[in-house]
């Protein structure tokens, strides 16, 4: 074989290899990153060092983005302008991206902090947008929703528009606009509760500080399985044990309390929910009864 022919073959092979590599890289491109406030870093897939991003960058599948206490960034996917806003002290990773002019598949992971997801089109059967968090998996259906992941992995989600399916191996729930849900790493999904901020979500699920009305020292509150005298009495509770409530009826003066490892209801006229409280959870007046089979603690005499 002549020297010139060998060189020609080598050039052709190099060209084909380069073309294949560029094509393969192009398939992995997922989004563009725009820095909104200083303090943004990216860890490229297969790299070991985080690189500061000052203005903008192209993000590929497998890349991770994190922000410090001041950093903010917008990731815009190459799919009809769908984007994710990464708030301060957050970390985010793109796991999968496939997109055409008609459909796309996006899978990402929120590892820490808060993000806001905005989809600009309703998803059909050919498209999907899934988010992993330490506490639950989320499947969007054409929506705007926010995610928060705490340092212990507890994950929360609020929906502003559309709907999101939240799931764990043994449970799933559909969350609509104006509602939220929360899940620790190794525990079940919470109830779906009305909330538009994470403070409201936490107050609805964790309760608020509570000051019951003053009563005589020898009196206790009857605890019932629901908000009404017609419900079964399941025990009693002393006034000095009433320091938190996790709900109240919409129009009445019945309060839901933690009781025997689950919940019970007391009637307490002139009781006061202490401030600050982002909003105690409201229940319909005819709610109940509670599932008393879930009681795990004996009632104190």
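The set of residues in region 100-126 being farther than 30 Å from residue 184 by Cβ, touching a residue at least 40 places away in the same chain (Cβ under 8 Å) and either touching a strand residue (DSSP E or B) at 6+ places or on another chain (Cβ under 9 Å) or not assigned by TED's automatic domain parsing to the domain that holds residue 158 (or both) consists of 120 alone.
Among the residues making up region 26-55, a single one is closer than 22 Å to residue 130 by Cβ and assigned to a loop (DSSP other than H, G, I, E, B): 45. Picking from residues in region 203-219 that are in contact with a strand residue (DSSP E or B) (Cβ under 9 Å, 6 or more places away or on another chain) and surrounded by fewer than 17 Cβ atoms within 10 Å (Cβ to Cβ), the one that is nearest to residue 144 (Cα to Cα) is 206.
Return the only residue of 224, 281, 294 being touching a strand residue (DSSP E or B) at 6+ places or on another chain (Cβ under 8 Å), under 26 Å from residue 179 (Cβ atoms), surrounded by 15 or more Cβ atoms within 10 Å (Cβ to Cβ) and at pLDDT 90 or above. Residue meeting the stated conditions: 281. When residue 58 is tested against (1) under 25 Å from residue 150 (Cα atoms); (2) assigned to a strand (DSSP E or B), only condition (1) is not met.
Check 206, 217, 230, 202 and return the single one that is at pLDDT 85 or above and over 30 Å from residue 163 (Cβ atoms).
Numbers: 206 fails: over 30 Å from residue 163 (Cβ atoms); 217 fails: at pLDDT 85 or above; 202 fails: over 30 Å from residue 163 (Cβ atoms).
Of the residues listed, the single one that is at pLDDT 85 or above and over 30 Å from residue 163 (Cβ atoms) is 230.
Evaluated against (1) in a strand (DSSP E or B); (2) within 23 Å of residue 271 (Cα to Cα), residue 174 falls short on exactly one condition, (2).
Does residue 238 satisfy the criteria of being surrounded by 12 or more Cβ atoms within 10 Å (Cβ to Cβ) and in contact with a strand residue (DSSP E or B) (Cβ under 6 Å, 6 or more places away or on another chain)? Let's see the steps before the verdict.
On the way: surrounded by 12 or more Cβ atoms within 10 Å (Cβ to Cβ): yes; in contact with a strand residue (DSSP E or B) (Cβ under 6 Å, 6 or more places away or on another chain): no.
No: the conditions fail for residue 238.
Which count do you get for residues in region 112-126 that are farther than 20 Å from residue 177 by Cβ and buried (at least 16 other Cβ atoms within 10 Å of the Cβ)? The number of residues fulfilling the criteria is 2. The single residue among 98, 137 that is at pLDDT 95 or above and surrounded by fewer than 19 Cβ atoms within 10 Å (Cβ to Cβ) turns out to be 137. Does region 253-272 contain any residue that is buried (at least 21 other Cβ atoms within 10 Å of the Cβ), touching a strand residue (DSSP E or B) at 6+ places or on another chain (Cβ under 6 Å), more than 25 Å from residue 156 (Cα to Cα) and without any contact (Cβ under 8 Å) to a residue 40 or more places away in the chain? Yes, region 253-272 contains a residue that is buried (at least 21 other Cβ atoms within 10 Å of the Cβ), touching a strand residue (DSSP E or B) at 6+ places or on another chain (Cβ under 6 Å), more than 25 Å from residue 156 (Cα to Cα) and without any contact (Cβ under 8 Å) to a residue 40 or more places away in the chain.
The values are calculated or read from the model by the stated rules, or taken from the named source; none is laboratory data. Quick caveat, the model's predicted, so the values are computed rather than measured. So basically every Cβ, Gly included, is an ideal-geometry build from the backbone, and we count neighbours across all protein chains shown.
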